[in-house]
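The values are calculated or read from the model by the stated rules, or taken from the named source; none is laboratory data. Please read these numbers as outputs of a predicted model, since none were measured by experiment. Glycine also receives a Cβ, built like all others from the backbone with ideal geometry; neighbour counts cover every protein chain displayed.
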Amino acid sequence: MKRLLLAAILPLTWSPLHAKPTFREADVCVYGATPAGITAAVAAKQEGLSVVLIEPSRWVGGILGAGIKPMQDCPEPRAVGGLTTTKIFKAGNSPPQIRESFSQWLKDEGIPIIFEHRLRSADKEGARITKIHLDHAPPDKWGIPVPSAVDDSNTIVTAKVFIDASYEGDFLPAAKVSYTSGREPKDKFNESVAGVGPPTNWTPISPFITPGDPASGMLPWVDKDHGKPRHAGDDYTQAYNFRFYVTSDPEKRAALTPPDDYNPAQYELVGRYVEHLVKTQGSDAKKLKESLAGIFPGWRNEGEYNYQRKSLVTMSPLGISRFYQDGDWITKSKVWRQHVDYLRGLHHFLSTDARVPEDFRKETAALGLNKTMHPDTEGWPHQLYVRISRRMQSDYILTHADVLNKTDEKDGVGLALYGVDIYPVRRYVALHPETEELGVATEGNMFIGGAKGTGHPYPVPYRSIVPKTSECTNLIVPTCFSASFIAYASARMEPVFCVLGESSGVAAAHAIRANADVQSIDVPKLQARLLERGQVIAWKADAGDKKEAKQ
């Protein structure tokens, strides 16, 4: 009893400078201080519940605190309401502003945060999670998750309802909830665009270490073709990358140094691609420079740089995200570090290799990370852009039919509002589709309709954010929700995560007050409360076909 009383008076916010908690109890435990986790925690607190928020890193805000802007993937603001419009969209447009805004919001709401702890295991009684065990695992100086915990503090959290708002969905395996990863085949959900796609960015360069000699082995960063036919499923998933800022300003610049084990041979594919660009575009200096910049630093979005889909080679180490999606933390740490070291090596290669035009070499060499955006981590974003990882498989699986507005589900708790947006999943040896010449290509890139690709926003059913009743009755999942690979690629945008986060927090309150399983709550009553809070849960067009959101 004495230990419980002591736990109750621990500081509201824990950090490396505060005493580590060993036990915490709350009505709701939210895992992941992503924007979805923050809205879930705030909503639950506003609904009168006690809340504890757990964040494996030292920072709040997820990818919004690491480069993406709050409204960047919101083509139809009228499809969004509640806390997402009143708070998230007004958090600022630079990573420091966003992180500070979120931190202040949580402080104002009095929500305690346990930093630098991540899920180790979950205890269950029947289908209910009773407690979770956390490991103390502070990320390294660049924000990279460490492969193993630094100590065995065995922090324990008990709660009535758990909300997994992480990008990794770590509660799914821990709580023995059904999930999947990778790409489904076309016939799994009758999705005409699913599975293996056609080659893109095909380029006539040899994929072998010794050009033209298969016996010499494959170049680094080129995969063998797995040989699966069009529309087959596989274990690949779309590329991850950092949404990072660069600068040549000496006052703001943090040097991009090559990794200790840098070997230019690891970037031979880049050299050959540069040779190809110089050969085919050398007479057009502007076009050549744009193509080279597509490799590094990439496509400039709104100040920060992103993956350039039109380039065979980019600032993303294509093909390794598939190991992260369902990996343990040893694997996740390795893949995250590979993204860091690949980018460092790529920068050095383009700054030094003689095949790169001299003016571009000099410009690249002058660039470094903008440390003002991420002063705690020498300019490195603290969040890798994990576009997709595990996906829960519950009683309702969102599919391409939902995206195309071909379904009519009545338990919507938020709207998704973007087309199918998939970055390439692999770079591989491929034959030209017409000439059958051997070369290197990417595959998996898909941008169906872009921001308007849904026709109009579509509902995300409540059943898709809760597990099957037989598996877990007190878990809600607003980020790694139940969806096919194709549908998730549409619904995965941060505004949607935030909306579902708020709906999750309110749903937790309904379950606790009714002493019911999260699957058994009165959904119409939940929807009514969401509407009272300003959420948008349905979309209708008036007689003149002018689209209006139903609030």
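Restricting attention to segment 477-518, report how many residues are closer than 23 Å to Phe189 by Cβ and touching a helix residue (DSSP H, G or I) at 6+ places or on another chain (Cβ under 8 Å).
The qualifying residues number 14.
Looking for something in contact with a strand residue (DSSP E or B) (Cβ under 6 Å, 6 or more places away or on another chain) and in contact (Cβ under 8 Å) with a residue 60 or more places away in the chain - is there at least one such residue anywhere in segment 124-133?
Yes, segment 124-133 contains at least one residue that is in contact with a strand residue (DSSP E or B) (Cβ under 6 Å, 6 or more places away or on another chain) and in contact (Cβ under 8 Å) with a residue 60 or more places away in the chain.
Which of the residues spanning segment 456-487 are more than 20 Å from Val193 (Cα to Cα) and small (Gly, Ala, Ser)?
As a first pass, look at segment 456-487 and keep what is more than 20 Å from Val193 (Cα to Cα): 459-481.
Answer for segment 456-487, where residues must be more than 20 Å from Val193 (Cα to Cα) and small (Gly, Ala, Ser): Ser464, Ser470.
Of the numbered conditions (1) free of Cβ contacts under 8 Å to residues at least 40 places away in the same chain; (2) at positive phi; (3) not polar (S, T, N, Q), Trp221 satisfies every one except a single condition; which is it?
Condition not satisfied by Trp221: (1).
Within the set of pairs 6 or more residues apart or between chains, which connect a residue that is within 15 Å of Ala483 (Cα to Cα) inside segment 185-197 to a residue that is among the small types (Gly, Ala, Ser) with Cβ atoms less than 6 Å apart?
Pro185/Gly195; Pro185/Ala232; Pro185/Gly233; Lys186/Ala194; Lys186/Gly195; Phe189/Ser484; Gly195/Ala232; Gly195/Gly233
Out of all the residues in segment 316-347, which are hydrophobic (A, V, I, L, M, F, W, C) and within 17 Å of Asp223 (Cα to Cα)?
Selection gives Leu318, Ile320, Phe323, Val335.
Which number in (1) polar (S, T, N, Q); (2) outside any loop (DSSP other than H, G, I, E, B); (3) touching a strand residue (DSSP E or B) at 6+ places or on another chain (Cβ under 6 Å) marks the one condition that Gln308 misses?
Here Gln308 clears every test but (2).
In segment 301-326, which residue that is at pLDDT 95 or above and surrounded by fewer than 17 Cβ atoms within 10 Å (Cβ to Cβ) is nearest to Ala365 (Cα to Cα)?
Taking the candidates together, the pick is Lys310.
Can you list residue pairs whose Cβ atoms sit under 6 Å apart, with the first residue in segment 44-62 being in the same structural domain as Trp105 (by TED's automatic domain parsing) and in contact (Cβ under 8 Å) with a residue 24 or more places away in the chain and the second being hydroxyl-bearing (Ser, Thr, Tyr) and surrounded by fewer than 24 Cβ atoms within 10 Å (Cβ to Cβ)? Count only pairs 6 or more apart in sequence or on different chains.
Filtered contacts from segment 44-62: Val60/Ser103.
Within segment 287-294, can one find any residue that is within 20 Å of Arg355 (Cβ to Cβ) and buried (at least 23 other Cβ atoms within 10 Å of the Cβ)?
So the first thing to find is which residues in segment 287-294 are within 20 Å of Arg355 (Cβ to Cβ), and the list is 287-294.
Then keep just the ones that are buried (at least 23 other Cβ atoms within 10 Å of the Cβ); that gives 292.
Within segment 287-294 (the criterion being within 20 Å of Arg355 (Cβ to Cβ) and buried (at least 23 other Cβ atoms within 10 Å of the Cβ)), the answer is yes, since at least one residue qualifies.
Can we say Thr86 is closer than 16 Å to Glu494 by Cβ and buried (at least 21 other Cβ atoms within 10 Å of the Cβ)?
no
What residue, among those in segment 409-449 that are among the small types (Gly, Ala, Ser) and more than 27 Å from the chain's Cα centre (by Cα), is surrounded by the most Cβ atoms within 10 Å (Cβ to Cβ)?
Ala430
If you go through segment 386-393 one residue at a time, do you hit one that is closer than 30 Å to Asn190 by Cα and among the polar types (S, T, N, Q)?
yes
In segment 138-161, is there at least one residue being among the hydroxyl-bearing types (Ser, Thr, Tyr), under 27 Å from Pro229 (Cα atoms) and crowded, with 18+ Cβ neighbours inside 10 Å?
no
When segment 325-353 is examined, which residues are found to be of a type in the set (Phe, Trp, Tyr) and either in contact with a Leu (Cβ under 8 Å, 6 or more places away or on another chain) or part of a loop (DSSP other than H, G, I, E, B) (or both)?
Taking segment 325-353 first, the residues of a type in the set (Phe, Trp, Tyr) are 329, 336, 342, 349.
Trp336 - this is the single residue of segment 325-353 that is of a type in the set (Phe, Trp, Tyr) and either in contact with a Leu (Cβ under 8 Å, 6 or more places away or on another chain) or part of a loop (DSSP other than H, G, I, E, B) (or both).
Which one is nearest to Phe115 (Cα to Cα) among residues in segment 43-58 that are in contact with a helix residue (DSSP H, G or I) (Cβ under 7 Å, 6 or more places away or on another chain) and crowded, with 24+ Cβ neighbours inside 10 Å?
Result: Leu53.
Kindly indicate whether Phe497 is in a loop (DSSP other than H, G, I, E, B) and under 27 Å from the mean Cα position of the chain (by Cα). First the steps, then the outcome.
On the way: in a loop (DSSP other than H, G, I, E, B): no; under 27 Å from the mean Cα position of the chain (by Cα): yes.
The answer is no for Phe497.
Looking at segment 220-254, which of the residues that are β-branched (Val, Ile, Thr) and part of a loop (DSSP other than H, G, I, E, B) is farthest from Trp142 (Cα to Cα)?
Val222
Determine which single condition Gly126 fails, assuming it passes every other condition in (1) more than 21 Å from the chain's Cα centre (by Cα); (2) buried (at least 17 other Cβ atoms within 10 Å of the Cβ); (3) small (Gly, Ala, Ser).
All conditions are met except number (2).
Which residues, counting only those in segment 96-111, are farther than 16 Å from Ser57 by Cβ and touching a residue at least 40 places away in the same chain (Cβ under 8 Å)?
Trp105, Lys107, Glu109, Gly110, Ile111
Listed here are the residues, each with its yes/no results for (1) under 21 Å from Glu443 (Cα atoms); (2) of a type outside the set (S, T, N, Q); (3) more than 20 Å from the chain's Cα centre (by Cα).
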{"position": "Ile295", "(1), (2), (3)": "yes, yes, yes"}
{"position": "Gly319", "(1), (2), (3)": "yes, yes, no"}
{"position": "Gly327", "(1), (2), (3)": "no, yes, no"}
{"position": "Ser351", "(1), (2), (3)": "no, no, yes"}
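Identify, from the list Thr257, Thr280, Thr200, the residue that is hydroxyl-bearing (Ser, Thr, Tyr), assigned to a helix (DSSP H, G or I) and either surrounded by fewer than 20 Cβ atoms within 10 Å (Cβ to Cβ) or at pLDDT below 95 (or both).
Answer to the selection: Thr280.
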